[in-house]
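*Asks:* Let me give you the structure first, and then I'll get to my questions.
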Number of protein chains: 2
Amino acid sequence: MNLSEAEWTVMNAVWSKAPASVRDVQDRVGAERGWAHTTVKTMLDRLVAKGALREKKRANASIYEPRISREEARTSALRALLTRSFDGSFGSLVHHIVSEERLSKKERERLARQLGDDDAEERP
Amino acid sequence: MNLSEAEWTVMNAVWSKAPASVRDVQDRVGAERGWAHTTVKTMLDRLVAKGALREKKRANASIYEPRISREEARTSALRALLTRSFDGSFGSLVHHIVSEERLSKKERERLARQLGDDDAEERP
DNA sequence: GGCTATCTTCTACGTTTGTAGAAGATGCCT
DNA sequence: AGGCATCTTCTACAAACGTAGAAGATAGCC
């Protein structure tokens, strides 16, 4: 599932509050983007067509909910980035982060701990 | 500098052998993509227009070389990914990698070491 | 039962991306 | 000098993306 920039914006809004009406999404997204109501609706419809959202009708209005999880979408996006830009390898990505991104020592250690930690998965 | 999929393909070819002629790029890229000669040329021209490549004329032919480094481009691409898809934070990215990507324990440890290692920068 | 507010559907249009042919320019070989 | 092999320039076109107005459908209120 390949999402465009604008589509990510919409999906982020839906993931953070689903199910969501057009108005819900616009409240969240209109602020940062200043989109017209119909623009938001168009985006939502295209995402339904793409299979990223599911649409239900309540009375005359549509409500939307994710059909793919944020994690799934992240996985695709990351994979695409690795392939295009990092020789397809996590190693290149991490190397880049270490050598190019200005991380404090503390930050780097935090990330390293996160990575090395077996139980990092789901912890309440 | 925001590069598209196809542009990344071309840039990767140029970075790995610069300066490069249209033919050089096509030899590298035509294989995996099967592009026509003029398609490659169009891409190169667009990248010049964008400022990603510099064009020189040798006799009647053009040769191209990068104007931005692979690292710079990687930085932009990574930043864009973080912003769009990972709440703008490295933490979310690393968390995703740990919990969603199927890495072996060994692989995870290797990456963690890479991250934690002070001297990971440039070592001959 | 009609009005108004709200939603949706349809349509559209400019830009970017991906892809490439036709035609014109240039240089090299004999 | 003529011709072949190359290169470049111009132009095009379809699909995807970003954005949105006009017009039609609904529903709740008085």
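Readers should treat all values here as calculations from the given coordinates under stated rules, not as data from a laboratory. Quick caveat, the model's predicted, so the values are computed rather than measured. Because the Cβ atoms are built from the backbone with ideal geometry, glycine has one as well, and the counts that use them run over all protein chains shown.
*Asks:* Taking Cα pairs under 8 Å and at least six residues apart, what relative contact order does chain B come out at, in percent? Display every interim value, and only then the final one.
*Replies:* Details: 95 pairs, mean separation 26.9, N = 124.
Dividing the mean separation by the residue count of chain B yields 22 percent.
*Asks:* Find every distance from the label point of B:Ser76 to the corresponding label point in the other copies (7 Å from Cα along Cα→Cβ) and write them in nm, one decimal, shortest first.
*Replies:* Copy-to-copy label distances at B:Ser76, shortest first: 2.5 nm.
*Asks:* Rg and Dmax of the stretch B:5-66 over Cα atoms: what are they, in angstrom?
*Replies:* That works out to 10.2, 31 Å for Rg and Dmax.
*Asks:* What percent does the relative contact order of the stretch B:5-66 come to when contacts are Cα pairs within less than 8 Å and at least six residues apart?
*Replies:* Dividing the mean separation by the residue count of the stretch B:5-66 yields 40 percent.
*Asks:* Could I ask something else about it? Determine the distance separating the Cα centre of the stretch A:19-59 from the Cα centre of the stretch A:81-98; give it in Å without decimals.
*Replies:* So the two Cα centres are separated by 33 Å.
*Asks:* Rounded, prolate or oblate: which one fits chain B, using the alpha carbon gyration tensor with axes a ≥ b ≥ c (rounded when a/c is under 1.5, else prolate when a/b beats b/c, else oblate)?
*Replies:* It is prolate, given that a/c is not under 1.5 and a/b is the larger ratio.
*Asks:* While we're on this one: Based on DSSP loop calls and a cut-off of at most 10 other Cβ atoms within 10 Å, the longest stretch of chain B free of exposed GluC sites (Glu not before Pro) is what?
*Replies:* Here the longest segment lacking exposed loop sites spans B:1-120.
*Asks:* Averaged over B:67-76, how many beta carbons belonging to a partner chain fall within 10 Å of each residue's beta carbon?
*Replies:* Taking all residues of B:67-76 together, the mean is 3.
*Asks:* Right, next: What order do you get for A:33-41, B:13-21 when each peptide is scored by the mean count of other beta carbon atoms within 10 Å, highest first?
*Replies:* Values: A:33-41: 14.4, B:13-21: 17.1.
Final packing ranking: B:13-21, A:33-41.
*Asks:* Per residue of B:89-99, count partner chain C-beta atoms within 10 Å of its C-beta, then hand back the mean as an integer.
*Replies:* Per residue, the number of nearby Cβ atoms from other chains is 6 on average.
*Asks:* Taking every Cα atom in the protein assembly as shown, find the radius of gyration and the maximum pairwise distance Dmax, and write them in Å.
*Replies:* 21.2, 70
*Asks:* From the phi of every residue in the stretch A:96-110, what ³J(HN,Hα) in whole Hz does the Karplus formula 6.51 cos²θ - 1.76 cosθ + 1.60 yield, where θ is phi - 60° and glycine or proline is x?
*Replies:* Values, residue by residue: 4, 4, 5, 8, 10, 7, 7, 9, 6, 4, 4, 4, 4, 5, 4 Hz.
*Asks:* Go through the stretch A:71-78 residue by residue and turn each phi into a ³J(HN,Hα) via Karplus (6.51, -1.76, 1.60, θ = phi - 60°); whole Hz please, and just put x for glycine and proline.
*Replies:* The phi angles translate into 5, 4, 5, 4, 4, 4, 5, 5 Hz.
*Asks:* Taking chain A as a Gaussian network, Cα atoms linked when under 10 Å apart, which of A:Arg84, A:Arg46, A:Arg23 shows the biggest mean-square fluctuation?
*Replies:* Fluctuation is largest for A:Arg84.
*Asks:* Can you give the local net charge around B:Thr83? Use residues other than it whose beta-carbon is closer than 12 angstrom to its beta-carbon, Lys and Arg +1, Asp and Glu -1.
*Replies:* Combined, the nearby Lys, Arg, Asp and Glu give -1.
*Asks:* In addition: For labels at A:His37 and A:Asn2 in the simple 7 Å Cα→Cβ model, what's the distance in nm?
*Replies:* Simple spin-label model gives 3.4 nm for this pair.
*Asks:* Explain nothing, just compute: Karplus ³J(HN,Hα) = 6.51 cos²θ - 1.76 cosθ + 1.60, θ = phi - 60°, for every residue of the stretch A:32-38 in order, whole Hz, x for Gly and Pro.
*Replies:* Along the stretch A:32-38, the couplings run 6, 10, x, 7, 6, 3, 5 Hz.
*Asks:* Which value, in Å to one decimal place, does the Kirkwood hydrodynamic radius take for the stretch B:48-102 when every pair of different Cα atoms is included?
*Replies:* 13.8
*Asks:* Further question: Please report, for B:Val48, the nm distances (one decimal) from its label point, 7 Å out from Cα along the beta-carbon direction, to the equivalent points in the remaining copies, shortest first.
*Replies:* Values, ascending and in nm: 4.7.
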